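Take a look at the structure below.
The values are calculated or read from the model by the stated rules, or taken from the named source; none is laboratory data. None of the values given here were measured: they were computed from a predicted structure. Here the Cβ positions follow ideal geometry from the backbone for every residue, glycine too, while neighbour counts run over all protein chains shown. SASA here: full protein model, heavy atoms, side chains in, ligands and nucleic acids out. Shrake-Rupley method; radii C 1.70, N 1.55, O 1.52, S 1.80 Å.
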Amino acid sequence: MKSSREIRQSFLDFFAKKDHAVVRSAPVIPAEDPTLLFTNAGMNQFKDVFLDKGSRSYRRAVDTQKCIRASGKHNDLEDVGKDTYHHTFFEMLGNWSFGDYYKKEAILWAWELLTEVWRLPKERLYATVYKDDQESFEFWKTDTDIDPSHVMKFDEKDNFWEMGETGPCGPCSEIHIDLTPDLSGKELVNAGDHRVIELWNLVFIQYDRKSDGSLEPLPKKHVDTGMGFERITAVLQGKHSNYDSDIFSPLFEAIAAITGVTYKASLDDERDIAMRVIADHARTLTFAITDGAVPSNEGRGYVLRRILRRAVRYSRKLDWHQPMLYRLVGVIAETMGEVFPELKKQQETVVKIIRSEEESFLVTLDRGIEIFGEITTALKASDAKVVQGEDAFRLYDTYGFPLDLTRLMTSEEGLSVDEDGFEACMLEQKERARKDRRAKQQIAGDEGDWLWLDEQVPSDFVGYETLSSGARVIGVKQSSGKLQLVLDRTPFYAESGGQTGDKGFIEGENLRVEVIDTQKDGELIVHVIGKVFDRISGEEIDPSGIDFRRPVPVNATVDRDLREATERNHTATHLMHAALRKVLGEHVQQKGSLVGPDRLRFDFSHFEKMTARELEAVEAEVNERIREAADLVKLVDVPYEEAIEKGALAFFGDKYADRVRVVEVPGVSVELCGGTHVSNAGKIGLFKIVSESSIASGIRRVEAITGRAAEELLWKEFQELQEVRHLLKTAPDESVAARLQEVLDERKSLDRELQDIKLSVLLDKALKEAENAETLNGCRIFVMNTDDTGSEGLRSLAQYLRQKIGNCVGLLAGKEKGKVTLVGFAGDEAISTFSMHAGELVKKAAAMVQGGGGGKPGLATAGGRNPEGIPEAIRVFRESVMEKLQ
C-alpha cells in the first residue's frame, strides 16, 4: 500500500516527466486577492493568467495546493465529521496548461496515471463530459481503453465550469470511481452518492462569458485540473473513508493519547464524529495561521474563530475540558512539514495563537452552555421548538458562541434557531455602531446648509507637493457660530486613514482665519474654522457677521511644524508595522491607527501581551531603519495590481480603488497609503514606544512618539534618573535599580519588625482584656476593636486567642486605610458544645459594615467599606453569640 507521501510525490513526478514545472502551493491566505477569504481551489494562483492579465515563465504546471472551504459558496463546515469525505482543509492536486496542450493530452494523461501508474481497475472508472462537448466524448471513446458505455454526457449543472457570472469558462470532464461491491454504480454517477465519487475534474477553459450571457471563444485555450488528495489517497489505500487513511491516523492517535478515547471510525458514534471534527479543524487552523491569518471578529479571522470554537465545543464530547488543538500543531508540522516547510518554521507562533484562543473561549464556554441549557429547558417546558434570535444573539455577543455553534447545539436537542431574528439583532447592533461612529465623526456645527459661491466641484488636494497654495473659497457653511469653508484647491490634508487633519491659516484680502481641523465630506475637503481676525487691525471678529457673496481669492497655508511632526509619526507607523511583523510574525496585521503631530497609535492583531524584549526589539529595529536614512518612494495613482506585484500589503475586507497610492521605504516596507510622509526616513530622528496594551481579544495597541517629543521624553527620564541616583547616593557605575531594591527590602524588613511589635503589644492587651471578658455557661465572649490593624495581623491574633483561651468565641474588628476587617473565632469546645460557627456569626456582623464574607467554624474573615458600622457589627455579633449560649 502506497503512503500518502508517495501518492502525492508520484502525482508531481508523473507530470514533471511530461515537462510540467513543479510549482509551490500558494498560501491559503490569498494576499494578492483581498476579495477572497481563502484559497479554495488550485486555480486561484493562476487566475490572472486565465483573465489574460498576467503570464508565467512556463506553459505547463503541476502542484499540490492548500485549500480551505469554510465560507461563502464553497462551505463544507457543517458537514465535517458527519460523513467520510467532507473537510474544511484539503489538498488539491492539479496540472495546468496555459495555451499549450489541450483536451486530448489532458484526458490521455489522466487515464494513464490512474490506470497504468496507480493501477485503478478500469471497470470501476467512469468519465463524464459536457453534453455539447463531442470532442472530449470522442477522445475518451477512441483514444483510451475505457469501456465506451462508461463515457456519459451531462448538462451545465455537472459538466460546465465558470469562474463567475462573466469571464473565462468551459466544459469539463470528470472521472468517477464506482465503489459498489457488485459494480452496479452507473446510475449513481453525479447522483451525490458516496458509493460513486468524483476523483478528478478536467476543466477546458475555451470561452469568455459575456454580460449578455453569450459565449465567445478565447484566443488561448487552457487546461485546469483538480483532484482531491485526501479522496484519492483513501481510494488507493483501499479505505472507505478519507479519515481512515494515513493522512489522519497520526492525528487520531494524538487525540487518543490526550483524551484516552480511541477512534473507531463509526459514522454514528458522537465521539468519533468529534474526533473527525477536531482533526479536520486543527489542520485548517494550523495552515491558515501559518500563512498569516489570525482569529478575530471579522472577515476570515472570524471564520477561523468559529472553526476553533466549534472544535473546542466538540472536545466536550470526549469529556475533555482543557485546551487541546494547540497540541496537534506539532503532529501536523511533523507529518506535512516536508511538503509544506512553512509549517515547521511557524510552528511556535501557531501553537501560541491557538492555545491563547482556546484558553480565552474556555473562560466563557461553560457559562454559555449553562445559559443555553436554561434556554432549551424553558422551551421544552412550553413545548416550543425554536430558540429565539435574541437568545442566540446573547450567546454570540456575551459568550462568544458563533451562530453555527448554536445551530449545532439546538439540532442536537431537536430544536432550531430563529436565524432571521438573530440577523435582525446583528443588524441592529451594527446600526448602533454606525450611528456612534457618525456622531463621533460629525463636524461641530454641521447641521447647517452649504452656500455655494461657484460651481460645486471636488476639492483639488495639492498638499503632497506644497504646504501653501493660492485658492478660492467656493463653499461656506455657517451654523451655531461655527464657520466651515471649502476651497477649490487646498494643501490641507483632511483626516482619513488614521491621519489627523491639518491645521493652519487661510488669508484673504481683509480676513485671516484659523483652521483648527480639516475633514472630508464626500469628495469635499472641509476646513473647520476657529478664530477669525481682521487682517489690517489684527482684532478678532465674529464669523457670523462675514458676508460671502462671490468666490473669494485666498492663500491657504498649513502649519508646517504640525504637518512635519505628523509626517514623522506616519512614516514611523509604517516602519513599526514592518518591525512588528519581523519580530512577532507575519500574522500581525494593522487593525487601526491614529497618527497626529504629538503621537502615533497602532492597533494590530496579536494573541498575547508583548514582552519587554519584544518591545525593545521592535524599537531597535525601527531606529535602525531611521539611521539608514532611506529616501521614501511615493508612487501616486498606480494600478492596484501593479502595487500588489510590488509587494504592497493588502488585507481582506479593506476596500481599494482601481488606482492607489503606494508608499515604500526601500527594503523595509511597501504599503497602500494616502497619507503624508517624510521624504527621507532619517527625518524621523528618533522613535520611542511609550505603551503597549490590549484593546480587544486578539488585538494589541502600541503608542509611540518620534522626533523632538521622543528627545524630550528621554531627557526628562534621564533627569529623573539622575535625581534618584542623587537621592540614593549611588556611584556612577552602580546600578540604581539594584540600590533601590536594597532600600525597598530594608523598608519591607522594618515594616515586618514594626508589625511584629504592634502585634505583640496588641496581644498583651487582648490577653488582659480576655481575663475580664464576659462568661456565659462556661464560654468566654471576647470582642475587641483596634485601629491600623490589617487582616493578616487580626487573623494571627485570633488564631492565638482561640488556642490560648479554649472555650471561647470572639470578634476582632480593625480598620486600615479606610477598609474594615472583621475576624471571628471560636474554640473547639465552643464549637462542639454550643455549635458555634465563626463563619455564620461574622457573616451577620459584616452586613453592618456594608461588607460580606465568612469561613470555617473555627476562624472566619469578612471585609467591609463602612468603619462607622463597627460598633453595630460588634452588637450584632454579641447578640448572635448570646442566643446560642442561652
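How about the range 654-694: which of its residues are of a type in the set (A, V, I, L, M, F, W, C) and either within 20 Å of I644 (Cα to Cα) or open to solvent by 30 Å² or more (accessible area, probe 1.4 Å) (or both)? Across the range 654-694, the qualifying residues are A657, V660, V662, V663, V665, V668, V670, L672, C673, L686, V690. For the range 584-614, the set of residues classified as closer than 28 Å to S496 by Cα and open to solvent by 40 Å² or more (accessible area, probe 1.4 Å) consists of E586, Q590, K591, L594, P597, D598, R599, R601, listed by residue number.
Elements of the type strands (runs of 3 or more DSSP E) sitting completely within the range 490-536 and holding at least 1 residues that are within 38 Å of the chain's Cα centre (by Cα) and modelled with pLDDT under 95: these cover 511-521, 524-534.
Counting the residues of the range 39-49 that are in contact with a Gly (Cβ under 8 Å, 6 or more places away or on another chain), in a helix (DSSP H, G or I) and either surrounded by fewer than 22 Cβ atoms within 10 Å (Cβ to Cβ) or of a type outside the set (A, V, I, L, M, F, W, C) (or both) gives 2. Inspect the range 59-77 for any residue being touching a residue at least 60 places away in the same chain (Cβ under 8 Å), under 30 Å from I332 (Cβ atoms), in contact with a Lys or Arg (Cβ under 8 Å, 6 or more places away or on another chain) and open to solvent by 20 Å² or more (accessible area, probe 1.4 Å) and give the result as yes or no. Scanning the range 59-77, I find at least one residue that is touching a residue at least 60 places away in the same chain (Cβ under 8 Å), under 30 Å from I332 (Cβ atoms), in contact with a Lys or Arg (Cβ under 8 Å, 6 or more places away or on another chain) and open to solvent by 20 Å² or more (accessible area, probe 1.4 Å), so the answer is yes. Of all residues in the range 695-731, exactly one satisfies the criterion of being open to solvent by 70 Å² or more (accessible area, probe 1.4 Å) and in a strand (DSSP E or B), namely I695.
Identify, please: which residue in the range 388-416 is part of a loop (DSSP other than H, G, I, E, B) and not aliphatic (A, V, I, L, M) and is, among those, surrounded by the fewest Cβ atoms within 10 Å (Cβ to Cβ)? Can you show your working first?
Narrowing the range 388-416 to residues part of a loop (DSSP other than H, G, I, E, B): 388, 400-402, 413-415.
With the extra rule that they be not aliphatic (A, V, I, L, M), the set shrinks to 388, 400-402, 413-414.
Numbers: Q388: 16, G400: 19, F401: 28, P402: 19, E413: 16, G414: 9.
For the range 388-416, the residue satisfying everything is G414.
Only one of V809, V820, V783 is within 52 Å of the chain's Cα centre (by Cα), closer than 20 Å to K843 by Cβ and in contact (Cβ under 8 Å) with a residue 12 or more places away in the chain; which?
Working: V809 fails: within 52 Å of the chain's Cα centre (by Cα); V783 fails: within 52 Å of the chain's Cα centre (by Cα).
The match here is V820.
Of everything in the range 695-754 that is polar (S, T, N, Q) and in contact (Cβ under 8 Å) with a residue 24 or more places away in the chain, the residue that is farthest from D561 (Cα to Cα) is S697. Would you pick out the residues in the range 78-124 that are open to solvent by less than 20 Å² (accessible area, probe 1.4 Å) and more than 30 Å from Y58 (Cβ to Cβ)? Listed by number, the residues that qualify are V80, G81, T88.
Scanning the range 631-649 for residues that are open to solvent by less than 40 Å² (accessible area, probe 1.4 Å), of a type in the set (G, A, S) and either over 30 Å from the mean Cα position of the chain (by Cα) or closer than 19 Å to R581 by Cα (or both) yields one hit, A648. From the list Q519, Q478, the one residue that fits, being in contact (Cβ under 8 Å) with a residue 40 or more places away in the chain, in contact with a His (Cβ under 9 Å, 6 or more places away or on another chain) and not small (G, A, S), is Q519.
Could you list, in sequence order, the residues of the range 372-406 that are in contact with a Ser or Thr (Cβ under 8 Å, 6 or more places away or on another chain) and not aromatic (F, W, Y)? Before you say what the answer is, go through the steps one by one.
At the first step, the residues of the range 372-406 found to be in contact with a Ser or Thr (Cβ under 8 Å, 6 or more places away or on another chain) are 372, 376, 385-387, 392, 395-396, 398-400.
Hits for the range 372-406 are T376, K385, V386, V387, A392, L395, T398, G400.
Apart from one condition, K688 fits all of (1) within 25 Å of the chain's Cα centre (by Cα); (2) assigned to a strand (DSSP E or B); (3) modelled with pLDDT of 95 or more; the exception is (1). The number of residues in the range 773-798 that are open to solvent by less than 20 Å² (accessible area, probe 1.4 Å), more than 11 Å from L822 (Cα to Cα) and in a strand (DSSP E or B) comes to 3.
Kindly check whether there is at least one residue in the range 850-862 that is more than 18 Å from K765 (Cβ to Cβ) and among the basic types (K, R). Step through it out loud before you land on a result.
Looking only at the range 850-862, we keep the residues that are more than 18 Å from K765 (Cβ to Cβ), and these are 850-862.
When the remaining residues are screened for being among the basic types (K, R), the result is 856.
Scanning the range 850-862, I find at least one residue that is more than 18 Å from K765 (Cβ to Cβ) and among the basic types (K, R), so the answer is yes.
The range 285-387 holds helices (runs of 4 or more DSSP H) entirely within its bounds, and those carrying 1 or more residues that are small (G, A, S) and open to solvent by 20 Å² or more (accessible area, probe 1.4 Å) map to 299-315, 329-336, 347-381.
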